Amino acid sequence: MKPHKSKKWKLAKRLLSWLFLTVTLALIIFYAQKIDWKEVWQVLRNYDRRALWAAAGLTALSYLIYGGYDLLARVQYHHRLEKRQVMLVAFICYAFNLTLSTWVGGIGMRYRLYSQLGLSKGMITRIFSLSISTNWLGYILLGGVLFTSAMVPLPSHWYLSESTLQLLGGVLLVLPTVQN
């Protein structure tokens, strides 16, 4: 009885995957038709080229950093996937994460892709957990640096003083060094 359920489950998963892909493509086509592409290209032509190149460079850098988290997990947990496979999964998951949320991109897509590459659910959970914690440690450190350096001018009507924000920045810088 179990092999019969397994075949049905595999078929259902395959059908749901195709349904998801079809709906996604249909939505992309539907919304792409509503865009005035001439206006988009006109706006892009009017942008400062250096700003566009800087934005493209920062975007590429963010994808590389995000992929680096999964590569770090590869080193930490010694799984057998090749670096290019890990970077491809991370790239796809980051794109889905930015457009469809953490639940779909960061978690769901990662489990789907890594499991298809043969990793166990436990290993995928460790990879995801390391990626998320590393990502948030980066935010904490960045916030700490920005707050302590007073690089961000505060609005005059804000309820926190600059010295309070610098103190908070100091706490953020110390936070990652605290261990249990």
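General remarks:
- Per-residue HN-Hα couplings for segment 162-176 [Karplus 6.51, -1.76, 1.60; θ = phi - 60°; Hz; x = Gly/Pro]: 5, 5, 5, 5, 5, 5, 4, x, x, 4, 5, 6, 7, 3, x
- Principal-axis tilt of helix 2-32 within the chain, Cα atoms, nearest 10 degrees: 50 degrees
- Restricting segment 1-101 to trypsin sites (Lys or Arg not before Pro) in coil, as DSSP defines it, with at most 15 other Cβ within 10 Å: K34, R80
- Taking the Cα centre of segment 1-102 as origin and assigning +1 to Lys and Arg Cβ atoms and -1 to Asp and Glu Cβ atoms, the resulting dipole is close to 780 debye.
- Placing a pseudo-label 7 Å from each Cα along the Cα-to-Cβ vector at A95 and Q42 gives an inter-label distance of 3.0 nm.
- Residue (of S149, L52, L117) at the positive-pole extreme of the chain, dipole from beta-carbon charges: L117
- Net length gained if the chain between V178 and K10 were fully extended (0.36 nm per residue, minus Cα distance): 55.9 nm
- Given charges at beta-carbon only (K, R positive; D, E negative), |dipole| of segment 34-180 in Debye: 620 debye
- Of the residues S6, Q42, I29, the one whose Cα sits farthest toward the positive end of the charge dipole of segment 2-54, with +1 on the Cβ of Lys and Arg and -1 on the Cβ of Asp and Glu, is S6.
- Computing mean projected area of the Cα convex hull in nm² for the structure here picks out one of (i) 10.3; (ii) 11.1; (iii) 16.8, namely (iii).
- Take every pair of alpha-carbon atoms less than 8 Å apart whose residues are at least six positions apart; their mean separation over the length of segment 78-180 yields a relative contact order of 19 percent.
- Per-pair calculated FRET efficiency, R0 = 22 Å: S62 and L141 via Cβ, rounded to 0.05: 0.90
- Helical runs (DSSP H, four residues minimum) scored at -39500 (n - 2.57) apiece and divided by the length of the chain put the mean residue ellipticity at 222 nm at -26000 deg cm²/dmol.
- Think of the chain as a dipole: +1 on every Lys or Arg Cβ, -1 on every Asp or Glu Cβ, centred on the Cα centre; then among L61, S17, I107, S17 lies furthest on the positive end.
- Cα gyration tensor category, rounded, prolate or oblate, for segment 113-180 with a/c compared to 1.5: prolate
- Those chymotrypsin sites (Phe, Trp or Tyr not before Pro) in segment 41-104 that DSSP places in a loop and that have at most 12 other beta carbons within 10 Å: Y47
The numbers here are math on the coordinates, done by the rules we state, and not lab data. Just so it is clear, the model here is predicted, and its values are computed rather than measured. Here the Cβ is made from the backbone with ideal geometry for all residues, glycine too, and neighbour counts use every protein chain on show.
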